Amino acid sequence: MLEIQHAIGPDNWVSGGNVVARREAIQNMFFDHPVCPEELEEDWPEDRQLYSEMVIVAGDRLVGTAMLVVDPEREDRPARIWGMGIDPEIRSEFVIRTLEEALIRAACLDPAYPFVEATDGALVPNPYSEFDLMLDGAPAFEL
């Protein structure tokens, strides 16, 4: 059975065992099974902000990882899913989208970022943004 767990914050997966070994396992998952191989060449900028990080585990085995980061210098789409690595045995669109959704919800991202760039480049609405304010000030719906 697959389970998504936090990799940072209170009661996270990393702190539930050998912290160094688990951090290395996360890094290895990304480098060995990247969903976006072009990210392997990307440096971690000094101003990058980590909003959420999660892992997928199957029992005691790490099978996936990803982060939601904000790169303030990247003006086009500063909030994005980054560093996703998923074991090919479980990799599917469903697993990728589920992990992305969990990261977005866990991030409690500032409403100033209306969208998050997914691993495939699609723009996913930030659930914490007030979209009705984007529609000429009119409410999105009326009750």
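Here are the numbers for the structure shown:
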read-out	value
Extreme residue, nearest to residue 9 (Cα to Cα), among residues of the stretch 41-59 that are outside any loop (DSSP other than H, G, I, E, B) and out of contact with any Ser or Thr (no Cβ under 9 Å at 6 or more places or on another chain)	52
Unmet requirement for residue 73, which otherwise passes all of (1) in a loop (DSSP other than H, G, I, E, B); (2) under 20 Å from residue 100 (Cβ atoms)	(2)
Check on residue 11, over 12 Å from the mean Cα position of the chain (by Cα), surrounded by fewer than 18 Cβ atoms within 10 Å (Cβ to Cβ) and under 18 Å from residue 124 (Cα atoms)	no
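So that you can scan it fast, the table gives a plain yes or no per residue for (1) surrounded by fewer than 18 Cβ atoms within 10 Å (Cβ to Cβ); (2) modelled with pLDDT of 95 or more; (3) of a type in the set (Asp, Glu); (4) within 16 Å of the chain's Cα centre (by Cα):
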| position | (1), (2), (3), (4) |
| --- | --- |
| 83 | no, yes, no, yes |
| 91 | yes, yes, no, yes |
| 97 | yes, yes, no, yes |
| 100 | no, yes, yes, yes |
| 111 | yes, no, no, no |
| 123 | yes, no, no, yes |
| 127 | yes, no, no, yes |
| 130 | yes, no, yes, no |
| 142 | yes, no, yes, no |
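The values are calculated or read from the model by the stated rules, or taken from the named source; none is laboratory data. From a predicted model like this one, the values you see are computed outputs, not experimental measurements. Quick reminder, even Gly has a Cβ in these numbers, built from the backbone with ideal geometry, and neighbours come from all protein chains shown.
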